[in-house]
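The values are calculated or read from the model by the stated rules, or taken from the named source; none is laboratory data. Values in this document were obtained by computation on a predicted structure and should not be read as measured data. Glycine also receives a Cβ, built like all others from the backbone with ideal geometry; neighbour counts cover every protein chain displayed. Accessible surface areas use protein heavy atoms only, side chains included; no ligands, DNA or RNA. Shrake-Rupley method; radii C 1.70, N 1.55, O 1.52, S 1.80 Å.
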Amino acid sequence: MTLMSLLYVSRSTIDAGEAQATIAEIVETAQRVNPPRGLTGALIFTGASFAQILEGPTDAVETMIAAIASDPRHKDVFIADRSPTLERRFAQWSMAYFGRVNFVERHITKVFEERTGIELPLAARRLRQLMREFSL
């Protein structure tokens, strides 16, 4: 089976006072619905932005990113990297959540800044690597 790995970033529309409860709900839902769909991945929320890696069968990943793109808790959803993969980087995580990691915001901002630039692959690779390091 061909697997896809997709990295997206988005801006949060979540009210700061509701962030903790809303993120807990997002993570709980993902941990419940992702395993039957064959999805794994990792999520970072900075308070202002999201960064997420989704892994799994191509159709399941595409269905999930379409749902995220239409979710009112996100705006400016940008797919920074989408590629086939032979192995999962977050195989043990139905959805790893790394908490509110504020210093990651500069890496997410770099992806947004480079969305039409030649440095996008490098910015996306750096953000992916950072997310992998959190899961170790």
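List pairs: first residue in region 120-136 and assigned to a helix (DSSP H, G or I), second residue open to solvent by 60 Å² or more (accessible area, probe 1.4 Å) anywhere in the structure, Cβ distance under 7 angstrom, at least six positions apart or on different chains.
These pairs meet every condition: Ala123/Lys110; Arg132/Arg89; Ser135/Trp93.
Mind telling me which of the residues Ala69, Ala60, Ala96 ends up being modelled with pLDDT of 95 or more, of a type outside the set (Lys, Arg) and surrounded by 17 or more Cβ atoms within 10 Å (Cβ to Cβ)?
That would be Ala60, the only listed residue that is modelled with pLDDT of 95 or more, of a type outside the set (Lys, Arg) and surrounded by 17 or more Cβ atoms within 10 Å (Cβ to Cβ).
Mind checking whether some residue in region 25-40 is open to solvent by 60 Å² or more (accessible area, probe 1.4 Å), touching a residue at least 60 places away in the same chain (Cβ under 8 Å), more than 23 Å from Glu119 (Cβ to Cβ) and under 15 Å from the mean Cα position of the chain (by Cα)?
Yes, because at least one residue in region 25-40 is open to solvent by 60 Å² or more (accessible area, probe 1.4 Å), touching a residue at least 60 places away in the same chain (Cβ under 8 Å), more than 23 Å from Glu119 (Cβ to Cβ) and under 15 Å from the mean Cα position of the chain (by Cα).
Every residue, every condition in (1) closer than 20 Å to Gly38 by Cα; (2) touching a residue at least 40 places away in the same chain (Cβ under 8 Å); (3) not charged (D, E, K, R), yes or no:
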position	(1), (2), (3)
Ala48	no, yes, yes
Pro72	no, yes, yes
Asp76	no, yes, no
Arg82	yes, yes, no
Glu87	yes, yes, no
Ser94	yes, yes, yes
Glu114	no, no, no
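Under 16 Å from Arg115 (Cα atoms), open to solvent by 20 Å² or more (accessible area, probe 1.4 Å) and at pLDDT 95 or above, is that true of Asp76?
Yes, satisfied.
Consider Leu43 carefully, then state whether it is open to solvent by less than 70 Å² (accessible area, probe 1.4 Å) and at pLDDT 95 or above.
Working: open to solvent by less than 70 Å² (accessible area, probe 1.4 Å): yes; at pLDDT 95 or above: no.
Against the criterion (open to solvent by less than 70 Å² (accessible area, probe 1.4 Å) and at pLDDT 95 or above), Leu43 does not qualify.
Of these, Glu114, Glu55, which one is more than 15 Å from Ile26 (Cβ to Cβ), among the acidic types (Asp, Glu), open to solvent by less than 70 Å² (accessible area, probe 1.4 Å) and within 12 Å of the chain's Cα centre (by Cα)? Spell out how you get there, then give the answer.
Values: Glu114 fails: within 12 Å of the chain's Cα centre (by Cα).
From the options Glu114, Glu55, the qualifying one is Glu55.
When you scan region 40-92, how many residues do you find that are closer than 20 Å to Arg11 by Cα, out of contact with any Phe, Trp or Tyr (no Cβ under 9 Å at 6 or more places or on another chain) and part of a strand (DSSP E or B)?
Total meeting the criteria: 1.
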